[in-house]
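The values are calculated or read from the model by the stated rules, or taken from the named source; none is laboratory data. Bear in mind that the values here come from a model prediction, so they are computed numbers and not experimental data. Please note: Cβ atoms are built from the backbone with ideal geometry, for glycine as well, and neighbour counts cover all protein chains shown. With ligands, DNA and RNA removed, areas are computed over all heavy atoms of the protein, side chains included. Shrake-Rupley method; radii C 1.70, N 1.55, O 1.52, S 1.80 Å.
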Amino acid sequence: MKKVTTALAIITMCFISCKKEVKTEGATAADSVAVKTEEPLIEEPVDSAAQMKAWQEYATPGNPHKMMADEVGTWNCDMTFWYEPNGKPEKANSVAVIRMILGGRYQESDYKGTMMGQPFEGKSTLAYNNASEEYTTTFIDNMGTGMMVAMGKYDDSKKSMELKGEMVNPVNGKKTPYREVYTIVDPKTRKMEMYDVKNGSEYKSMEIVMTKK
């Protein structure tokens, strides 16, 4: 681990110290003046020991990762979907297998079940970034070709995490925002709620109640 951290610190130092002015062919005199008048980015000097400590803290799993590890196991997922505001709910079921990967730094989940009469498979990852102090989640499945990415924070008083992201509507190709609320109901129950936007208004589009086997 120390070798990896040292290597990362060295790379960072090289990147900071090796900035060079790049000239392009065909640049005008005005362009040259504009480049010269830009104020250079001044970075505070950081000694190697401080850099090493920062990288070690960044790479070391903490309490948020322990909370993620508490979910390792197999979960039954009761899924409810709404395709439009106040629409008729549709049900589906899946099973999620959750594990921690890369030395307990990330959570990975595999989902398998049936949706709209078709076999359903999905995969999600969850990360807690020690540097930014926020969570990032990704999700892919066999019902599309895109990746959903959302970021947010955990509220310990509510035992829930709110994450926000964007997804592409395959009907019109436009990006639309979505919001996900993930709640720790009790040690063996989780609830995930997703909210989409349609015609400028947010509505609840999905709810998953997860029960640990």
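Quick notes on this structure:
- Here Thr114 does not fit the description of being closer than 24 Å to Tyr203 by Cβ and touching a strand residue (DSSP E or B) at 6+ places or on another chain (Cβ under 8 Å).
- Top-ranked residue of segment 44-77 - restricted to ones that are among the aliphatic types (A, V, I, L, M) and under 20 Å from the mean Cα position of the chain (by Cα), ranked as farthest from Thr136 (Cα to Cα): Val72
- Within segment 179-207, the set of residues being of a type in the set (A, V, I, L, M, F, W, C) and either modelled with pLDDT under 95 or in contact with a helix residue (DSSP H, G or I) (Cβ under 6 Å, 6 or more places away or on another chain) (or both) comprises Val197 only.
- Summed over segment 182-202, residues that are among the hydrophobic types (A, V, I, L, M, F, W, C) and within 15 Å of Phe81 (Cα to Cα) total 3.
- Within segment 146-159, the only residue that satisfies the criterion of being open to solvent by less than 80 Å² (accessible area, probe 1.4 Å) and assigned to a loop (DSSP other than H, G, I, E, B) is Gly146.
- Take the conditions (1) under 16 Å from the mean Cα position of the chain (by Cα); (2) without any contact (Cβ under 8 Å) to a residue 60 or more places away in the chain; Tyr135 misses just one of them, which is (2).
- When segment 129-145 is limited to residues that are outside any strand (DSSP E or B) and open to solvent by 50 Å² or more (accessible area, probe 1.4 Å), the one that is modelled with the lowest pLDDT turns out to be Met143.
- In segment 96-113, the residues that are more than 30 Å from Thr60 (Cα to Cα) and either in contact with a Leu (Cβ under 9 Å, 6 or more places away or on another chain) or open to solvent by less than 80 Å² (accessible area, probe 1.4 Å) (or both): Gly113
- Residues that are in contact with a Lys or Arg (Cβ under 7 Å, 6 or more places away or on another chain) and among the hydroxyl-bearing types (Ser, Thr, Tyr), drawn from segment 88-108: Ser94
- Scan of segment 186-206 for residues that are in contact (Cβ under 8 Å) with a residue 60 or more places away in the chain, part of a strand (DSSP E or B) and under 22 Å from Ser157 (Cβ atoms), ordered by number: Arg190
- Test result for Met148, modelled with pLDDT under 95, touching a Gly at 6+ places or on another chain (Cβ under 8 Å) and closer than 25 Å to Ile101 by Cβ: no
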